[in-house]
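Structure record follows, encoded as structure tokens.
Derivation of every value follows stated rules applied to the coordinates shown; laboratory data play no part. The model shown is predicted, which means the values in this text are computed figures rather than measured ones. Cβ atoms come from the backbone with ideal geometry, glycine included; neighbour counts cover every protein chain shown.
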Amino acid sequence: MKSANIPRLLFVILLLSLALILFSHALAQSETPPAADIVAGAELYDRWYAYLGVNPPSGDMPIWSRQTTNSRSGAETWRCVECHGWDYKGVEGAYASGSHLTGFPNVMKLAAGLSLEDIVSHLHGSKDPAHDFSKYMDDTSLRRLAEFLKAGTIDDSQYIDPISLQPRNANIEHGRQLFTGICTTCHGDDGRKIVFRSEGIDESLGSIANRDPWRFLHRTRFGVAGTKMPIGSNLGWSPEDGRDILAYVQTLPSGFEIQVNTPQVAKTVTPVASLGGPAHDLWTGILTGLGAFAGAASYSILFIAGFVLVGVLVVTLLKKRK
């Protein structure tokens, strides 16, 4: 081989190596993570300390002090969902107003523009030391959370109307079939078997579905962290199936009406003298009729007298002008 060709060969090898590296990187980015990893990441997003079976850190999450609109404190401030919402859009979504408003960003949009490694790095606090979760979650958990953010989030605006909070184009009967086949075992036919304590009040499944449909869809797909709830994605349910279940559950009773069984006590009613009204015998009837006639006559006389008086005054004035 001529020595002049060696640089060209090395250059070709370099190009091929670079192309192989780029291809491998692109392939790794395009691969969908295992479904089990995405489910785990979704539950970590919901309440990571419940999923891991550990106590939440004491105090507020360090970033929490950067906002003043959400008054929650303690464990709630360490949840990803409390900052970025059940629709993953943060200040651009359902948490753009109300008591959950923090002003924190749309994490679904941010994740779309980052590689999986970038997201993991961010969770390690590389871009913001106050956002370092590596002290509380192991590398496997952080990667699963990143995999969920990168590949598991769904834009639910295609399934939920943001104004009415009603599902779009849902099949309620299909949702009823899915609900009765799986969910009634735990929640009951009317969704009241399990009582949810939320925002300081007791809620049924129906009230949650109507008040916070994004939360309902997230947990229908991925379950509830720290529980053994059946997971929609493991059952083969599609996002449309979750939408149909949501539509059906929104028809179930909302809230828990308080039933007060107060003994009914019979009340003695004392008759009150009637002012006017029907007569009770012949004489009172005659007297009532005469009274009514006299009253009408007196009003008629007064009216005629007033009319005559006005006429006399008019005539008098006319005579004085002549």
Using the Cα centre as the reference, give the magnitude of the dipole from point charges on the C-beta atoms of region 136-208 (Lys, Arg: +1; Asp, Glu: -1; all else neutral), rounded to the nearest 20 debye.
140
Other residues with Cβ under 13 Å from the Cβ of residue 89 give, with Lys and Arg +1 and Asp and Glu -1, a net charge of -3
Using 0.36 nm times the number of residues separating residue 63 and residue 234, minus their current alpha carbon distance, what extension gain do you get?
58.1 nm
Sites matching chymotrypsin sites (Phe, Trp or Tyr not before Pro) across region 121-170 that sit in DSSP coil, with at most 12 neighbouring C-beta atoms within 10 Å
none
Distance-filtered residues of region 226-249 - backbone nitrogen under 14 Å, label point 7 angstrom along residue 173 Cα→Cβ
none
Can you compute the modelled spin-label distance between residue 140 and residue 35, with each label point 7 Å from Cα toward Cβ, in nm?
2.1
Give me the net charge for the shell around residue 241: Cβ to Cβ below 15 angstrom, other residues only, Lys and Arg +1, Asp and Glu -1.
+1
Ordered by number, the trypsin sites (Lys or Arg not before Pro) in region 48-105 that occupy a DSSP loop and have at most 15 other Cβ atoms within 10 Å are 72
Listed residue pairs exceeding 30 Å between alpha carbons, taken from 135/193; 150/228; 109/135:
135/193
Taking the simple approach of a point 7 Å from Cα along Cα-to-Cβ for both residue 112 and residue 99, what is their distance in nm?
3.1
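So what is the relative contact order of region 32-153, in percent, for Cα pairs below 8 Å that sit 6 or more residues apart?
29
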Among 131, 77, 114, which residue has its Cα furthest toward the positive end of the charge dipole of region 32-153, with +1 on Lys/Arg Cβ and -1 on Asp/Glu Cβ?
77
